[in-house]
Amino acid sequence: MSEQLVRMIGSAVLVAAVSVLCYLLDKKRNYSVHSPWAWQIGIGLIYGILTTLCIYVAPIVNGLSDNVQNIVPVSAGLIFGAPAAIIAGVLGAAASLLNPEPSWAFARETAASSLIFVALLSAYLRYRMFNNKISSCVYGLGIGVFAAAFHMLSLMVTHMDNLRQAYAFVATFNAPMLVIGSVTMAMTLALIFLLGKKKDKHEVRNKGITQSFEQRLLVCILAAFVVTCAYSWMVQTKLSEKDTENLLRLNIVDLSADIRDVSDKNILRIAKFISARIDDTCYVDEDGDGDVNTFSNYKLNALLNQFDVSEIHLVDKKGIIRATTVSDFVGFDLGPGAQSAAFLSLLKGSPYVVQEYQPISYNGKISRKFAGIPLSQGGFLQIGYGAEQFQKNLDKYVAGFTRNKHVGETGGIIICDKDGTIVSDTIGMEGYTLRVAGMNFDKKKTAP
């Protein structure tokens, strides 16, 4: 169990224990000797101290802090009376405003106002609807839910200028506060009901028409409030998830475009280096076999190895390969194929053409990334990366590519190779696998 739940449950158990103990003392109190107002003030002070204790032992999660302090004045009001609830609420609000803990700062004013509100609400319900009697556990459950939901809703409303952190706060504390607080209220009132010997101190009493109507109205209002909060929570959660998904997708698209630009610039740079070394000797077939369907040129092969590319083709003014490092391509016409025909724009004045890694027209089972630039002697040069060179190029230029790229305030982008080894990230785990870095990757759940 996390420290957050331990502290919140511990605080709730303490509230329940103090409530039962004070109730047992109340049953033994001599009403002819002890003033009712003195008792109310005493109970109010006890619950005020209890509220302060809940505030100061509140769990801290991600720099934020909150607890189930709202059920303290509610318990005082529903069990003992309106004055006790108001005193406890005021003391709790003062403790909230004076709490110096930095993690409490985000909810300081909201917690104080919520304590005042729930104290006044429980005082009104005790006096007006429950006829100064202890309410049933069902009402305690509903009021506990209402108190927690109101607290979170108030926090969202009062922090519209920082909704991201407000949403993180609600996501962290709403569910445990609502469940623990409401269940504690219900169980405390149920236990007190079992300890009480006179049922008329609870719900067995004559009810006026107005009281019956108001109690049913309270149930309807609580139900509507809970449903509204639940619906708003689901909508906000779904919108947040969608916004996050869109943000991640946009960052991935932008990063893909950046990587594509780097890869295009690199292959184009190599093409320019090679083009500067092309001369008439590169068109000479040096294999000496006299076969026009085969071709070999020492200088082209040397350039191929020097610049670590897969293919080099020299294309004439008619779009036909005249010299190449792949003898099967000699005499191949680039015109008929869609992929190869894109380079014919170089014969019409285009300064360069760079293609994505894709199947080639000559053989659809072979994929290449091609770049082409015009040659001064006419025609154009075409160079291509195979899978191995393309991967090596990406590994070289993508390493460290995302170190300064962030998603939101705390997110980042990780680039991995096909084996799950981190190539670039923002947390210094390059060279490690995703598993070693504490991340799991499910290919079945990847976005298209």
Looking at the stretch 118-136, can you tell me whether even one residue there is assigned to a helix (DSSP H, G or I), at pLDDT below 85 and either aliphatic (A, V, I, L, M) or not assigned by TED's automatic domain parsing to the domain that holds residue 53 (or both)? yes
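For (1) in a strand (DSSP E or B); (2) at pLDDT below 90; (3) in the same structural domain as residue 379 (by TED's automatic domain parsing), each residue gets a yes or a no:
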{"position": "278", "(1), (2), (3)": "no, no, yes"}
{"position": "288", "(1), (2), (3)": "no, yes, yes"}
{"position": "294", "(1), (2), (3)": "no, yes, yes"}
{"position": "302", "(1), (2), (3)": "no, no, yes"}
{"position": "321", "(1), (2), (3)": "yes, no, yes"}
{"position": "331", "(1), (2), (3)": "no, yes, yes"}
{"position": "340", "(1), (2), (3)": "no, no, yes"}
For residue 106, all conditions in the list (1) in contact (Cβ under 8 Å) with a residue 60 or more places away in the chain; (2) surrounded by fewer than 21 Cβ atoms within 10 Å (Cβ to Cβ); (3) farther than 20 Å from residue 175 by Cα hold save one; what is the number of the exception? (3)
So residue 347, is it more than 21 Å from residue 294 (Cβ to Cβ), in contact (Cβ under 8 Å) with a residue 12 or more places away in the chain and either of a type outside the set (Asp, Glu) or not assigned by TED's automatic domain parsing to the domain that holds residue 275 (or both): yes
In the stretch 355-374, how many are surrounded by fewer than 18 Cβ atoms within 10 Å (Cβ to Cβ) and among the hydrophobic types (A, V, I, L, M, F, W, C)? 1
Some residue of the stretch 4-13 being surrounded by fewer than 21 Cβ atoms within 10 Å (Cβ to Cβ) and touching a strand residue (DSSP E or B) at 6+ places or on another chain (Cβ under 8 Å): yes
Hey, residue 29 farther than 24 Å from residue 186 by Cβ and either surrounded by fewer than 24 Cβ atoms within 10 Å (Cβ to Cβ) or of a type in the set (D, E, K, R) (or both) or not: yes
Report yes if residue 63 is surrounded by fewer than 24 Cβ atoms within 10 Å (Cβ to Cβ), of a type in the set (Gly, Ala, Ser) and either outside the structural domain of residue 116 (by TED's automatic domain parsing) or touching a residue at least 40 places away in the same chain (Cβ under 8 Å) (or both), otherwise no. yes
Among the residues of the stretch 275-296, is any under 53 Å from the mean Cα position of the chain (by Cα) and aliphatic (A, V, I, L, M)? yes
Could you say which residue among 95, 82 is within 16 Å of residue 50 (Cα to Cα), out of contact with any strand residue (DSSP E or B) (no Cβ under 9 Å at 6 or more places or on another chain) and surrounded by fewer than 24 Cβ atoms within 10 Å (Cβ to Cβ)? 95
Positions within the stretch 144-193 being surrounded by fewer than 18 Cβ atoms within 10 Å (Cβ to Cβ) and of a type in the set (S, T, N, Q), in sequence order: 154, 158, 162, 165, 172
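The values are calculated or read from the model by the stated rules, or taken from the named source; none is laboratory data. Predicted model, so just to flag it, every value in this text is computed and none were measured. As a convention, Cβ positions derive from the backbone with ideal geometry for all residues, glycine included, and neighbour counts pool all protein chains shown.
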